[in-house]
Amino acid sequence: MDYDRTNMPAVYDRSRDHGVEWLQRWMDILAAHLRGERVHRILDLGCGTGRFTEGLAGRFDAEVTGIDPSMKMLEQARAKPCTARVRYERASAEALPLADGSVDVVFMSMSFHHFTDPIRAARECRRVLREGGTAFVRTGTREQIPAYPFVPFFPAALPILEEVLPHRGRFHEVFEAAGFQLIAEEMIRQEIATHWMRYADKVAARGDSVLARLGDADFEHGLAALRHHASQAGDGPVAELIDLFAYR
């Protein structure tokens, strides 16, 4: 999806931000896999609005380069308070403007399925990582589609999800072909809203690239069904499953 042809960057954080607590939780998860390894430089690849970029800099006391092909996304990221350790550049995953072996960690969040050429992008990750460096992929996978909370209310989204989300095995094929070895794989259950009505409000922002592809009638019908469910569902939290892969 070409985000610069949409209004999604302006509403992206409204629909995707899950709060400081979960940002820190993700930083702790990454740190656990790095096992105390000193990290000086990080690439946040497909950084979007910079939801994780500053968090990476703070958690690891590192210099972080956020790269994204969308100018509108980067405008949102640059408008946020940030330290001198963070910089943003516009580029594609398939042609990174970084020197060979110049970063210790590559972090990718919900960006892999947007790459034009995943194998070339993985090779670029391998090129810019130092020997022994780690690539993290935080992503949705086709196996998790039935568990996504919005799917029952937006049936027209199902074929789009099946089209864009790879199977877990595809990630391994791509990164192993680029010279990586899988070192860890886990599934994180992440709370995305404190209750269903709050979740409906986030979905209404239409900041998800899959929901953005739906026709207006399909989207409005699904949103109405979701709001009806939310009115009956009570105060329990809403969660989704997210895959995390670590390659070295």
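Scanning the stretch 42-59 for residues that are in contact (Cβ under 8 Å) with a residue 40 or more places away in the chain and open to solvent by 30 Å² or more (accessible area, probe 1.4 Å) gives a single hit, Arg51.
Consider Gly169 carefully, then state whether it is more than 27 Å from Ala10 (Cα to Cα), exposed (fewer than 15 other Cβ atoms within 10 Å of the Cβ) and out of contact with any Leu (no Cβ under 6 Å at 6 or more places or on another chain).
Against the criterion (more than 27 Å from Ala10 (Cα to Cα), exposed (fewer than 15 other Cβ atoms within 10 Å of the Cβ) and out of contact with any Leu (no Cβ under 6 Å at 6 or more places or on another chain)), Gly169 qualifies.
Inclusion of Asp104 among residues that are part of a strand (DSSP E or B), modelled with pLDDT of 95 or more and under 17 Å from His40 (Cβ atoms) is warranted.
If you check Arg51 against the conditions, is it under 17 Å from Phe107 (Cα atoms) and either modelled with pLDDT of 95 or more or touching a strand residue (DSSP E or B) at 6+ places or on another chain (Cβ under 9 Å) (or both)? For Arg51, the condition - under 17 Å from Phe107 (Cα atoms) and either modelled with pLDDT of 95 or more or touching a strand residue (DSSP E or B) at 6+ places or on another chain (Cβ under 9 Å) (or both) - is met. In the stretch 7-27, the residues that are over 21 Å from Leu74 (Cβ atoms) form Cβ pairs under 7 Å with partners that are open to solvent by 80 Å² or more (accessible area, probe 1.4 Å), at six or more places apart or across chains, as follows: Met27/Arg59.
The values are calculated or read from the model by the stated rules, or taken from the named source; none is laboratory data. Given the structure is predicted, the values throughout are model-derived calculations rather than measurements. When we count neighbours, we look across all protein chains shown, and the Cβ atoms used for this are built from the backbone with ideal geometry, even at glycine. Surface areas here come from the heavy atoms of the whole protein model, side chains and all, with no ligands, DNA or RNA. Shrake-Rupley method; radii C 1.70, N 1.55, O 1.52, S 1.80 Å.
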